[in-house]
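The values are calculated or read from the model by the stated rules, or taken from the named source; none is laboratory data. Because the structure is predicted, anything quoted here is derived from the model rather than measured. Glycine gets a Cβ as well: all are built from the backbone with ideal geometry, and neighbour counts include every protein chain shown. Accessible surface is based on the protein model in full, side chains and every heavy atom, while ligands, DNA and RNA are left aside. Shrake-Rupley method; radii C 1.70, N 1.55, O 1.52, S 1.80 Å.
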Amino acid sequence: MRSQFYENALTKEGVAFEYVEKLDLEDIDGPKSLRNQARLDTPVDDELVTQYSIAYKEGDQFPPLVLWKPPRGRYILIDGNQRLAALRKLDRKRHDAYVVETADEMVIDRLTWSFNNTVNGKRLTQEESLAHAISWVRKHGRTVKEAVDEWRLPVWKVTKAVRCA
């Protein structure tokens, strides 16, 4: 089922996307999706997965998954690890999804690391934000100032971390 809230959030992020009704969950690369998430220590919360599984069984509606398709390979989640784990636990085969339409890995990283916070308000820890800021500089060639602005961290902390990483 479409989500106006998610569509507004994706539009605000400035990305093009397509709604896909009943995307085949086998087309999602679970391991890559887990490695690419904002929450570095615990990308999947088993207790939350159990709660979602129960809610799905009871007929509760959840927002679509948000993902992208790299030039090669299967879909990778931007948002929805807990939902995907719950769906797989229940042996569900399909779920609605938004597919972000970009090949720009910096856009994908930014969305992956921040979209969940946009839609559910759960902030990243300082350590997670710092790890993403370091990647912002090293992987994407952004300046320390850009990383500080994006991840809302003190300049000294990002500068020191980039030097030490």
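The dipole here belongs to the chain: it is taken about the Cα centre, uses +1 on the Cβ of Lys and Arg and -1 on the Cβ of Asp and Glu, and is about 520 debye.
Rolling a 1.4 Å probe over the protein heavy atoms leaves Arg138 with an accessible area of roughly 130 Å². Ligands, DNA and RNA aside, Glu58 has an accessible area near 140 Å² when probed at 1.4 Å.
Pairs spanning more than 23 Å between alpha-carbon atoms, out of Lys69/Lys139; Lys12/Lys32; Lys22/Lys139; Lys12/Lys93; Lys22/Lys69: Lys12/Lys32; Lys22/Lys139; Lys12/Lys93.
Phi angles across the range 89-98 convert, under the Karplus curve 6.51 cos²θ - 1.76 cosθ + 1.60 with θ = phi - 60°, into 3J(HN,Hα) values of 4, 8, 6, 6, 9, 9, 7, 5, 8, 10 Hz, Gly and Pro given as x.
Here the Karplus curve 6.51 cos²θ - 1.76 cosθ + 1.60, taken at θ = phi - 60°, turns the phi angles of the range 150-160 into couplings of 5, 9, 6, 10, x, 4, 4, 5, 5, 4, 4 Hz, with x standing for Gly and Pro. Local charge for Arg92 was computed over the other residues whose Cβ lies under 15 Å away, with Lys and Arg +1 and Asp and Glu -1, and equals -1.
Amide hydrogen proximity for Arg94: with H placed 1.01 Å from N in the peptide plane, the residues at 5 or more positions away or on another chain lying under 5 Å are Leu25. Take every DSSP beta bridge with both residues inside the chain and express the antiparallel ones as a percent of the total, to the nearest 5. Of those bridges, close to 65 percent are antiparallel. Near Asn8, within a Cβ-to-Cβ distance under 15 Å, what is the net charge of the other residues, with Lys and Arg +1 and Asp and Glu -1? Around Asn8, the charge tally is -1.
The phi-based Karplus calculation (6.51 cos²θ - 1.76 cosθ + 1.60; θ = phi - 60°) puts the 3J(HN,Hα) values of the range 12-19 at 4, 6, x, 10, 7, 8, 10, 8 Hz, whole numbers, x for Gly and Pro.
How do Met1, Met106 stack up against each other in accessible area, from largest to smallest, with a 1.4 angstrom probe?
On the way: Met1 115, Met106 40 Å².
If we order Met1, Met106 from most to least accessible, we get Met1, Met106.
In this structure the range 1-100 gives 56 Å² per residue of accessible area when probed at 1.4 Å with all protein chains present.
Counting pairs of alpha carbon atoms under 8 Å apart in space and at least six apart in sequence, what relative contact order in percent does the range 27-165 give? Don't skip to the end; give the middle numbers.
Working: 159 pairs, mean separation 31.3, N = 139.
Relative contact order here is 23 percent.
Measuring nothing but protein heavy atoms, the accessible surface of the range 62-165 at 1.4 Å probe radius is 51 percent carbon and sulfur.
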